[in-house]
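Before any comments, here is the structure.
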Amino acid sequence: MAKILIYSAKDTLALELLSAARLIAGETGAEIVALTINDDDQGRILANVGAHVYRVNAPDLVMADVAAVADVIAQGVQQLGAGVVLLSSDRRGKELAGSVAQFIEAGCITDISAIQVNNGRIECQRNALGGATVATQYIEGDKQVLAIAPKAFPAASGEGGSISELQITVKPSGIKVRETKTKDSDSVNIEEAAVIVAVGQGLRSKEDLAMVEALARSLGGVIACSKPVATDKKWLPEDRVIGLSGKQCKPDLALLFGISGQVQFTVGIRDAKTIVAVNTDENATINQMADYILTADMHEVIPELNRLLG
Amino acid sequence: MNIVVAMKQIPDLQQIRISNRRPVLQDVPLTFGGIDKSALEAAVVLKESLGEVKVWVLSAGSEELEDTVKEALAAGGDEAYLVIDQSLAGADSSIIAQVLAAGIKQLNDVDLILFGEGSGDNYSGQVGARVARLLELPLVSYARDIKIDGDTAQVVRVLEDCEEVLEVKLPAVITVLSDIGEPRIPSVTQILKAGKKPKQTAELDDLGISAGQSNPVITLSNLAPESNRKRIVVKNPVELVEKLKSENLIGG
């Protein structure tokens with residue numbers, strides 16, 4: 001039986017992939033192998049929780065050349081006899097997914113939020129139609145590349161793994177890295193927040209963000225936004241965007257101000273436990289998915305909330 | 001210099017209704033994905049700064065594509081190359097990638113191929129990477145900025161925790177973030193002229209694409225998620241705070 005191969009450049013995501021692989025292997029009986037590339041520390045981390053790690057050390061490989069990394073993974077798939085490849089659906093992993101799939105001529109599903117195995121079939125859930133729907137899909141065939149969304153699975157634990165070396169060849173790269181700028185490490189991750197205060201295009205000016213910040217602070221939450229507030233108006237950074245091409249958030253409480261509720265946005269917040277929608281339009285789509293609805297101008301509501309909670 | 005922008009024909013997502021958890025696609029007009037439109041904008045901006053550039057719009061889809069593509073030609077595309085087949089609407093990424101790669105081979109001296117980082121509907125993000133592999137070209141995804149200098153592109157790739165400034169040998173495949181540029185709104189004159197811009201159309205047979213596919217993705221169901229929200233209307237902030245406090249959602 002073809003093996004399951006897992007790879008992510010990020011340790012936490014690789015551990016989540018190991019959990020997903022074990023779920024599949026529990027049903028299909030397939031053997032799991034983990035690949036690490038130029039990352040001995042990750043090899044130890046995965047082996048410590050029971051993974052059979054194959055370590056690639058390729059000093060000439062440009063890790064930013066995703067197609068070259070995909071080539072290495074494809075060689076790993078070939079040498080180790082893998083059929084199902086699990087990758088992380090962060091940006092690096094998603095870029096790899098299409099590339100690896102084409103290298104090994106596999107079917108590919110990305111952004112997988114859940115997996116169920118039925119009669120050996122790996123059925124995956126992912127958003128479709130811009131988030132309006134959730135599709136259940138599987139790949140018919142023995143070559144499958146599945147990219148799994150961060151946090152869809154818990155990090156694996158266990159013991160009794162092993163580490164072996166894998167030899168691969170690296171072709172010359174057409175990509176040079178001039179600079180890598182790490183983003184501010186103290187920047188907020190809205191995906192982790194228990195309380196989110198989000199604003200949309202109903203927000204009149206950048207100056208009004210101050211009152212929104214104050215509200216988020218008094219609730220112990222973080223400020224987030226719909227895509228146009230960051231992309232068009234540039235009032236908040238891109239990492240605060242909720243939605244299909246932004247972050248998928250699961251807070252206990254989400255207060256949404258001046259957001260109309262297009263699916264590309266709501267897909268990123270529909271897993272919140274409680275949703276409050278404040279909008280001037282009593283027929284706003286967002287009200288359909290809110291627990292509490294207040295039809296009013298956010299510019300009047302937020303100062304009052306700040307007084308009540310201050 | 002030839003820049004190809006690959007664009008996906010999708011239903012206008014704002015106009016999709018849900019009935020009994022099923023999406024209703026009847027009578028929903030077709031358009032191009034939002035991020036694809038940003039990719040086109042990036043190509044047009046490069047043309048404006050470099051001069052001698054031809055911007056090709058490449059797409060594969062149903063015959064309505066001949067109409068949909070006018071939108072892209074109005075927004076700055078110079079010529080369209082369309083692969084038309086009813087089976088291509090909603091086809092698997094692996095098929096579309098083969099079709100687009102074959103289409104690109106029909107165009108001469110392509111220097112740069114741009115994609116949106118994900119389509120507006122499925123946002124699967126595979127096709128650009130697959131095309132790069134099929135054409136054996138370098139690949140950079142998630143670009144926020146592209147500058148061309150001779151036969152190299154300087155690209156800023158934005159990841160979750162860092163940004164990379166890369167130098168890429170052309171020809172190359174680059175997928176872009178919507179941040180790269182807000183699509184321009186064409187003027188009435190541009191819209192009128194778009195109908196007269198050159199268009200080439202091809203069928204699958206012309207490209208030698210066979211219908212067979214290994215490892216296809218099968219969709220078992222596609223339903224809107226169930227929502228059991230309370231939808232309680234409150235009259236004012238005081239009432240809202242009371243409700244949230246009673247549920248222990250906020251302190252005090």
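Computed from the coordinates by the stated procedures, all read-outs in this text should not be read as laboratory data. From a predicted model like this one, the values you see are computed outputs, not experimental measurements. Every residue, glycine as well, gets a Cβ built from its backbone with ideal geometry; the counts of neighbours run over all protein chains shown.
Picking from residues in segment B:134-150 that are of a type in the set (D, E, K, R) and touching a residue at least 24 places away in the same chain (Cβ under 8 Å), the one that is nearest to B:Leu50 (Cα to Cα) is B:Asp145. With a requirement of 2 or more residues that are under 24 Å from the mean Cα position of the chain (by Cα), the helices (runs of 4 or more DSSP H) lying completely within segment A:179-283 that satisfy it span A:227-231, A:263-266. In this structure, does A:Asn189 turn out to be more than 7 Å from every other protein chain (Cβ to nearest Cβ) and free of Cβ contacts under 8 Å to residues at least 12 places away in the same chain? Criteria not met by A:Asn189. The strands (runs of 3 or more DSSP E) found entirely in segment B:71-150 that carry 2 or more residues being more than 16 Å from B:Thr201 (Cα to Cα), at the interface with another protein chain (Cβ under 7 Å from one of its Cβ atoms) and out of contact with any Gly (no Cβ under 6 Å at 6 or more places or on another chain) are B:139-149. Taken together, the residues in segment B:209-240 that are within 21 Å of A:Ile269 (Cβ to Cβ), among the hydrophobic types (A, V, I, L, M, F, W, C) and either more than 25 Å from the chain's Cα centre (by Cα) or more than 7 Å from chain A (Cβ to nearest Cβ) (or both) amount to 4. Does segment B:156-172 contain any residue that is within 11 Å of another protein chain (Cβ to nearest Cβ), in contact (Cβ under 8 Å) with a residue 60 or more places away in the chain, assigned to a strand (DSSP E or B) and closer than 22 Å to B:Gly76 by Cβ? Within segment B:156-172, one or more residues are within 11 Å of another protein chain (Cβ to nearest Cβ), in contact (Cβ under 8 Å) with a residue 60 or more places away in the chain, assigned to a strand (DSSP E or B) and closer than 22 Å to B:Gly76 by Cβ.
Farther than 30 Å from A:Gln264 by Cα, of a type in the set (Asp, Glu) and surrounded by 13 or more Cβ atoms within 10 Å (Cβ to Cβ): does that describe B:Glu167? It is true that B:Glu167 is farther than 30 Å from A:Gln264 by Cα, of a type in the set (Asp, Glu) and surrounded by 13 or more Cβ atoms within 10 Å (Cβ to Cβ).
Among the residues of segment A:80-87, is any surrounded by 20 or more Cβ atoms within 10 Å (Cβ to Cβ) and over 25 Å from B:Ser119 (Cα atoms)?
yes
When A:Ala97, A:Ala58, A:Ala70 are checked against the criterion of being among the small types (Gly, Ala, Ser) and over 21 Å from the mean Cα position of the chain (by Cα), A:Ala58 stands alone in meeting it. Do we have A:Ala155 as within 8 Å of another protein chain (Cβ to nearest Cβ) and either assigned to a loop (DSSP other than H, G, I, E, B) or among the hydrophobic types (A, V, I, L, M, F, W, C) (or both) here? Taking the combined requirement at face value, the residue does not satisfy it.
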